[in-house]
Amino acid sequence: MNLVWKLLRQHISIPQFAGFFLANLIGMLIILLGVQFYTDTQSIYNSEDSFLKDDYLIVNKRVSLTGATSSFSQEDMDDLAAQPFIERVGAFIPSKFKVKAAFAIDGVPAFSTDMFFESVPDEFVDVKSKKWHFDEQSTTIPIILPRSYLDLYNFGFAQTQNLATLNEGAFSLAKLQVQLEGNGIKLQLEGRIEGFSGRINTILVPESFIQWANEHFSDPSTPEKGATRLIMQVNNPTDENLARYLTHHHYITDQDKLDSSKTNFILRVIVGIVMGVGIIISILAFYILMLSVYLLVEKNNTKLENLLLIGYSPTRVARPYQMLTVGLNIMVLILALVILFFLRGIYLDMFKGMFPRMEIPSMMPAVLVGLGLLLLVSILNIVAVRTKIMSIWKRKN
């Protein structure tokens, strides 16, 4: 192996391989940076207060002049679900019974209040807890509160009552006694705060709990009403057909949520374009490497034929070139990950200043993509070199 390598390396062009290395490094870095940047920005959209996914919109009908709130019929929901720009639709289910909650902090009763519950289908809720469920034997209700409620307590109620302000973690440890009343029945349960949402302004409980509680505590004589709010997953929040449909049917949605979804969609497009440029550069770098290897093989054509004539196998002759290309690819990946680490540190510092609650994901997505590209390019290099050597072998025979 060493003798073969010493013989064949005489015609190696350092500028050619340096050009490949630089081009491949730029392409690899652009791809990995695009993957990692997208992953990091998604942690902003999917931070602790993002219990609903980014492309979910909440819609309701306009309130009439009499103050009545129009509900959605089953036909309305079926029509929404049939639209090509909407993937699925779910309804908010309200509680049909009285709810009273009493908070106790550090064992001291803080306040009690009347409240209400709502639920959405569980597949629409992105909760990082495995405890988001309820059964009839359970004595605990999982609850998601709006973050605005925490702000009202800290900056309103707590100050007027000389109580301590609380962060999310401390508030989640508060004891919450929930009293359900309706249909001549009263029941005391314990509430467990699973988190706070800044995306949806309601008190969420599991759908299984709402269905069970409405069945037991609602007045059977009360007529059934349709849902007054819907949640829907859309393909593209910037689709003009979606905006036109909502306007035509006089549906109202949270503009901030729509703007956030548009921003996320635009981000995906930009990252896709950047990664596409990186892929094109990587493909061009691959061809530069193959051209360099082919030129090197042509320069050593006579030597290669002599080696094959004296008994060296095509595999053994091709191995130095294959190791050279694979080694260059490994060096490119390592250097690209090192540069990515430092670049990522720069923009993460800015992100953390703007979004203190964001969770920092690992670099595993970029590492896995890099390893996949390394494996793919290396296999192509190995096959190309072997094909070239085999063509010389067949010509010799």
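Pairs needed: first member in region 131-150, hydroxyl-bearing (Ser, Thr, Tyr) and in a loop (DSSP other than H, G, I, E, B); second member anywhere, at pLDDT 80 or above and exposed (fewer than 13 other Cβ atoms within 10 Å of the Cβ); C-beta distance under 8 Å; at least 6 residues apart or different chains.
So the pair list comes out as Thr139/Glu190.
Just for region 109-128: of the residues that are touching a Gly at 6+ places or on another chain (Cβ under 7 Å) and modelled with pLDDT of 80 or more, which one is most open to solvent (accessible area, probe 1.4 Å)?
Here the residue is Pro121.
Give the residues of region 349-385 that are at pLDDT 80 or above, touching a Ser or Thr at 6+ places or on another chain (Cβ under 8 Å) and surrounded by 17 or more Cβ atoms within 10 Å (Cβ to Cβ), sorted by residue number.
Within region 349-385, Ala366, Leu373, Val377, Ser378, Ile382 qualify.
Anything in region 297-323 that is open to solvent by 80 Å² or more (accessible area, probe 1.4 Å) and at pLDDT 75 or above? List them, or say none.
Arg316, Arg319, Met323
Looking at region 129-150 only, could you name the residues that are at pLDDT 75 or above and either surrounded by fewer than 13 Cβ atoms within 10 Å (Cβ to Cβ) or of a type in the set (A, V, I, L, M, F, W, C) (or both)?
Listed by number, the residues that qualify are Trp132, Phe134, Asp135, Glu136, Gln137, Thr139, Ile141, Ile143, Ile144, Leu145, Ser148, Leu150.
Please state which of the following conditions Ala101 fails to meet, knowing it meets all the rest: (1) hydrophobic (A, V, I, L, M, F, W, C); (2) at pLDDT below 75; (3) in a strand (DSSP E or B).
Unmet condition: (2).
Say we look at region 8-65 and pick out the residues that are of a type in the set (Val, Ile, Thr) and part of a helix (DSSP H, G or I); which of these is modelled with the lowest pLDDT?
So the residue we want is Ile44.
Under 7 Å between Cβ atoms, which residue pairs at least 6 apart in sequence (or on different chains) link something in region 202-226 that is outside the structural domain of Gln74 (by TED's automatic domain parsing) with a partner that is modelled with pLDDT under 85?
Between residues of region 202-226 that are outside the structural domain of Gln74 (by TED's automatic domain parsing) and residues that are modelled with pLDDT under 85, there is no close pair.
Being of a type outside the set (Lys, Arg), at pLDDT 80 or above and in a helix (DSSP H, G or I) narrows it down to one residue among Thr202, Thr263, Thr247; which is it?
Thr247
The values are calculated or read from the model by the stated rules, or taken from the named source; none is laboratory data. Just so you know, these numbers come straight off a predicted model, no measurement behind them. Using ideal geometry, Cβ is built from the backbone for each residue, glycine included, and neighbour counts are taken over all protein chains shown. For the accessible areas, the whole protein counts, side chains as well, though only heavy atoms, and no ligand, DNA or RNA atoms are used. Shrake-Rupley method; radii C 1.70, N 1.55, O 1.52, S 1.80 Å.
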